[in-house]
1. VAL150: aliphatic (A, V, I, L, M) and part of a loop (DSSP other than H, G, I, E, B), yes or no?
2. Anything in region 186-226 that is buried (at least 21 other Cβ atoms within 10 Å of the Cβ) and of a type in the set (A, V, I, L, M, F, W, C)? List them, or say none.
3. Could you identify the single residue in SER178, SER187, SER136 that is of a type in the set (S, T, N, Q), out of contact with any helix residue (DSSP H, G or I) (no Cβ under 7 Å at 6 or more places or on another chain) and part of a loop (DSSP other than H, G, I, E, B)?
4. If you scan region 117-132, which residues turn out to be touching a residue at least 24 places away in the same chain (Cβ under 8 Å) and surrounded by fewer than 18 Cβ atoms within 10 Å (Cβ to Cβ)?
5. Could you say whether any residue in region 191-209 is more than 16 Å from the chain's Cα centre (by Cα) and within 21 Å of LEU91 (Cα to Cα)?
Amino acid sequence: MKPFTYERATSPTAAAAAAARNPSAKFIAGGTNLLDLMKLQIEAPTHLIDVNGLALDRIEATPEGGLRIGALVRNTDLAADARVRRDYGLLSRALLAGASGQLRNKATTAGNLLQRTRCPYFYDTNQPCNKRQPGSGCAALGGFSRQHAVVGSSEACIATHPSDMAVAMRALDATVESVRPDGSTRSIPIAEFHRLPGTTPNIETVLEHGELITAVTLPKPLGGKHIYTKVRDRASYAFALVSVGVIVQPDGSGRVALGGVAAKPWRVEAADSELPRGAEAVAARLLADARPTAENQFKLPLVKRTLAATLAEARG
């Protein structure tokens, strides 16, 4: 166990400022990912800033007709909210497909977006991993890669992002709100929030050190049929091999996003326009730049079959 100090933040700006003063500081809320990483000494913060007392746990209507979801809203509460179930069914379904009931009771909206990869080489400190130790290499490239990315990857990293919720947020065009250490705020489109690995896979989002997520905002409801399909190795408590989130309108138009295939929720807006033509056309756009390994190339036809089944359900 590595020693660390601890404080309870009194405001979002104070929390951000406290983190900025210490390059090894981390925010902690539910702790469902961070505590595991600390136990394995993958993360070794010298200071923890508890943000649970910041009153960021409300779901409120916005003037534009959408919803503002506080950063500390627990996954269970978000999935069960009547407005989310009625108007953003894709989000509710994605949340319920993730983790277990006990973890959803603790996990927060912001923490879900920020959770780190479940790549086994990232978790094995005896193996090289550019996410964990920049410049050390990527053991997954020459190792067991069945679970790994098939698109958006690089020679530095082929890990995937584990979140189900983030896939729904991407399809819904959510916006991430944050506060910086100087008290300034910004709104980040979810499409720009997560970064692809490139040559710096250790930098996973566009957040600056000390910047604190305060909320995620959803635009006004889109209507249509919302379906989330998750394909995994066992029925529960498993991360996606492939997941498909769709919103399909009565005229056949809509949106589609994938999980389990890239380092971020994967959406290609040009693929949305192919929805009336069917799964083959959509998948061709989504996977146009795919670079699978020999062990995970099965994900390409799996995406097509899962997408076809999901679209058939949405149109049924």
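The values are calculated or read from the model by the stated rules, or taken from the named source; none is laboratory data. In this text, all values refer to a predicted model and were calculated from it rather than measured experimentally. Here the Cβ positions follow ideal geometry from the backbone for every residue, glycine too, while neighbour counts run over all protein chains shown. These accessible areas exclude ligands, DNA and RNA; they are computed on the full protein's heavy atoms, side chains included. Shrake-Rupley method; radii C 1.70, N 1.55, O 1.52, S 1.80 Å.
1. Values: aliphatic (A, V, I, L, M): yes; part of a loop (DSSP other than H, G, I, E, B): yes.
Yes; evaluated as a whole, the condition is true for this residue.
2. Once the filter is applied, which keeps residues that are buried (at least 21 other Cβ atoms within 10 Å of the Cβ) and of a type in the set (A, V, I, L, M, F, W, C), region 186-226 yields ILE190, PHE193, LEU212, ILE213, ALA215, VAL216, LEU218.
3. On the way: SER178 fails: part of a loop (DSSP other than H, G, I, E, B); SER187 fails: part of a loop (DSSP other than H, G, I, E, B).
Only one candidate qualifies: SER136.
4. If the condition is that a residue be touching a residue at least 24 places away in the same chain (Cβ under 8 Å) and surrounded by fewer than 18 Cβ atoms within 10 Å (Cβ to Cβ), then ARG118, PRO120, TYR123, THR125 are the ones that fit.
5. Here is the first cut: in region 191-209, the residues more than 16 Å from the chain's Cα centre (by Cα) are 198-200, 208-209.
The next check asks that each one be within 21 Å of LEU91 (Cα to Cα); those that pass are none.
Scanning region 191-209 turns up no residue that is more than 16 Å from the chain's Cα centre (by Cα) and within 21 Å of LEU91 (Cα to Cα).
Yes/no per residue for (1) assigned to a loop (DSSP other than H, G, I, E, B); (2) open to solvent by less than 60 Å² (accessible area, probe 1.4 Å); (3) under 22 Å from SER184 (Cα atoms):
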| residue | (1), (2), (3) |
| --- | --- |
| LYS2 | yes, no, no |
| MET38 | no, yes, no |
| PRO45 | yes, yes, no |
| LEU54 | yes, yes, yes |
| ASP57 | yes, no, yes |
| ASP77 | no, no, no |
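Here's the yes/no breakdown for (1) open to solvent by 10 Å² or more (accessible area, probe 1.4 Å); (2) farther than 29 Å from LEU218 by Cα:
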{"position": "ASN105", "(1), (2)": "yes, no"}
{"position": "GLN115", "(1), (2)": "yes, no"}
{"position": "GLY135", "(1), (2)": "yes, yes"}
{"position": "PHE144", "(1), (2)": "yes, yes"}
{"position": "ARG170", "(1), (2)": "yes, no"}
{"position": "SER178", "(1), (2)": "no, no"}
{"position": "SER184", "(1), (2)": "yes, no"}
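So that you can scan it fast, the table gives a plain yes or no per residue for (1) touching a Ser or Thr at 6+ places or on another chain (Cβ under 7 Å); (2) modelled with pLDDT of 95 or more; (3) hydrophobic (A, V, I, L, M, F, W, C):
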site	(1), (2), (3)
LEU37	no, yes, yes
ILE42	yes, yes, yes
ALA55	no, yes, yes
ARG68	yes, yes, no
VAL73	yes, yes, yes
LEU78	yes, yes, yes
ALA107	yes, yes, yes
ARG116	no, yes, no
